[in-house]
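Asks: Let me give you the structure first, and then I'll get to my questions.
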Amino acid sequence: MQFEISDAYLDPGWHDITVTPVNQDEQNYRIVFETDGNLITSIRIGKLPEVQWVEGCY
């Protein structure tokens, strides 16, 4: 697994921690943990590009 930390969309001080599988067959999937800097506030799991949508997919 690979991890990437980035600033959360439009929320200063918040961060997204994105987990990317290293297995080639799973490269289109992600786990995204959104934090307020202290606690995990939400978790998104799914396939690209929808998992990156902060407003969710309905």
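Asks: If I ask for residues that are modelled with pLDDT under 95 and within 16 Å of Pro49 (Cβ to Cβ), which ones from the range 1-15 would you list?
Replies: Those that are modelled with pLDDT under 95 and within 16 Å of Pro49 (Cβ to Cβ): Ser6, Tyr9.
Asks: Another question, then. Being without any contact (Cβ under 8 Å) to a residue 12 or more places away in the chain and of a type in the set (Phe, Trp, Tyr) narrows it down to one residue among Trp14, Trp53; which is it?
Replies: Details: Trp14 fails: without any contact (Cβ under 8 Å) to a residue 12 or more places away in the chain.
Trp53 is the lone residue from the list that is without any contact (Cβ under 8 Å) to a residue 12 or more places away in the chain and of a type in the set (Phe, Trp, Tyr).
Asks: Could you tell me whether any residue of the range 25-34 is charged (D, E, K, R) and touching a Phe, Trp or Tyr at 6+ places or on another chain (Cβ under 7 Å)? Steps first, answer last, please.
Replies: Step one: list which residues in the range 25-34 are charged (D, E, K, R), which gives 25-26, 30, 34.
Checking the rest, the ones that are also touching a Phe, Trp or Tyr at 6+ places or on another chain (Cβ under 7 Å) come to 34.
Checked against the condition, which is being charged (D, E, K, R) and touching a Phe, Trp or Tyr at 6+ places or on another chain (Cβ under 7 Å), the range 25-34 yields at least one hit.
The values are calculated or read from the model by the stated rules, or taken from the named source; none is laboratory data. On a predicted model such as this, the values are computed, not experimentally measured, just so you know. So basically every Cβ, Gly included, is an ideal-geometry build from the backbone, and we count neighbours across all protein chains shown.
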